[in-house]
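**Student:** Take a look at the following structure, please.
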Amino acid sequence: MCFPQLLLALCVLLPVAVQSLMFQPLDCADIYNDGSGRSGVYRIYPAGPNSGRYVYCDMDTEGGKWTVFQRRMDGTVNFYRGWDQYKNGFGHAAGEYWLGLETIHLLTLRKNYELRVDMEDFNGARVYANYTSFSISPQAINAEVDGYRLHVSGFRNGGAGDSLIYHNGQKFSTFDKDQDSSGGNCAKTNMGAFWYKDCHHANPNGIYLWGTIDGKGASWYRWKTNHYSMKSISMKMRPVSLRTVV
């Protein structure tokens with residue numbers, strides 16, 4: 001009879017299996033802290049067990065733990081999209097994608113985050129911009145009604161210059177939901193979607209133009225002006241401390 005040995009094995013393995021099933025990381029920092037230190041695609045749960053989303057986790061840059069929520073690298077995904085897709089997300093985490101405004105908002109409700117924007121031109125030059133505080137409509141009862149408003153501060157220069165301060169406090173705009181501060185429609189004019197003002201100093205979701213000199217490309221004004229389209233640009237967030245959740 002081997003039942004005692006079988007029961008013993010089950011007693012040893014069951015807690016491990018239950019722990020695996022119960023582990024629902026909020027972000028890439030949770031995944032890193034759980035022992036997964038390799039960059040790649042992982043599943044996070046920004047709002048409980050039924051909210052699973054695939055993201056790319058950058059576990060290498062400046063200590064890792066970065067949850068990438070926007071990534072352009074080769075022009076394979078069309079970023080000129082409407083409100084619903086920017087709200088809910090699109091693309092594939094293994095390549096180019098946008099995580100979704102609602103998911104980003106939910107993450108920033110749970111923790112305090114910093115933001116890093118990495119970019120590269122077609123000559124191989126790489127720079128970044130870092131912001132010690134980043135959130136999306138943190139005080140709003142309804143983030144979508146508030147326009148998923150950008151809050152960013154604490155700029156630290158990695159060679160890119162500060163192109164986001166111009167957009168601080170702005171609502172997010174798409175071609176079918178104009179919420180910018182201009183008299184026109186910046187999303188249509190610049191063929192993108194972003195926290196436009198009048199209109200932009202950063203247009204990371206503009207069309208992919210392989211370095212073409214055109215104001216509609218994926219640009220960062222303080223580094224290459226609005227008329228240079230980047231080879232790659234990614235936006236990523238990492239917690240700086242836990243926020244108390246009531």
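**Student:** Specify which of the listed residues (SER135, SER163, SER173) is among the small types (Gly, Ala, Ser), touching a helix residue (DSSP H, G or I) at 6+ places or on another chain (Cβ under 7 Å) and over 22 Å from THR225 (Cβ atoms).
**Tutor:** Only one candidate passes the filter, namely SER135.
**Student:** Determine whether GLY100 is on the phi > 0 side of the Ramachandran plot, within 13 Å of the chain's Cα centre (by Cα), of a type in the set (Gly, Ala, Ser) and at pLDDT 95 or above.
**Tutor:** Answer is yes for this residue.
**Student:** With (1) farther than 18 Å from ALA187 by Cα; (2) surrounded by fewer than 21 Cβ atoms within 10 Å (Cβ to Cβ); (3) charged (D, E, K, R); (4) out of contact with any Gly (no Cβ under 9 Å at 6 or more places or on another chain) as the list, and LYS65 as the residue in question, which single condition is left unmet?
**Tutor:** Tallying (1) farther than 18 Å from ALA187 by Cα; (2) surrounded by fewer than 21 Cβ atoms within 10 Å (Cβ to Cβ); (3) charged (D, E, K, R); (4) out of contact with any Gly (no Cβ under 9 Å at 6 or more places or on another chain), LYS65 fails exactly one: (2).
**Student:** How many residues does segment 85-126 contain that are assigned to a strand (DSSP E or B) and either within 11 Å of PRO46 (Cβ to Cβ) or touching a Pro at 6+ places or on another chain (Cβ under 9 Å) (or both)?
**Tutor:** Going through segment 85-126 one residue at a time, the tally reaches 6.
**Student:** Quick one: count up the residues across segment 68-84 that are crowded, with 17+ Cβ neighbours inside 10 Å and outside any loop (DSSP other than H, G, I, E, B).
**Tutor:** Going through segment 68-84 one residue at a time, the tally reaches 6.
**Student:** Give the residues of segment 217-233 that are part of a loop (DSSP other than H, G, I, E, B) and over 20 Å from ASP198 (Cβ atoms), sorted by residue number.
**Tutor:** The answer is TYR228, SER229, MET230, LYS231.
**Student:** I'd like the full set of residues that are assigned to a loop (DSSP other than H, G, I, E, B), open to solvent by 10 Å² or more (accessible area, probe 1.4 Å) and not charged (D, E, K, R), limited to segment 190-216.
**Tutor:** MET191, CYS199, HIS200, HIS201, TYR208, LEU209, TRP210, GLY211, THR212, ILE213, GLY215, listed by residue number.
The values are calculated or read from the model by the stated rules, or taken from the named source; none is laboratory data. What you see is a predicted model, and the numbers here were worked out from it, not measured in a lab. With ideal geometry, Cβ positions are generated from the backbone for all residues, glycine too; neighbour counts draw on all protein chains shown. Quick note on the areas: whole protein, heavy atoms, side chains included, nothing else; ligands and nucleic acids left out. Shrake-Rupley method; radii C 1.70, N 1.55, O 1.52, S 1.80 Å.
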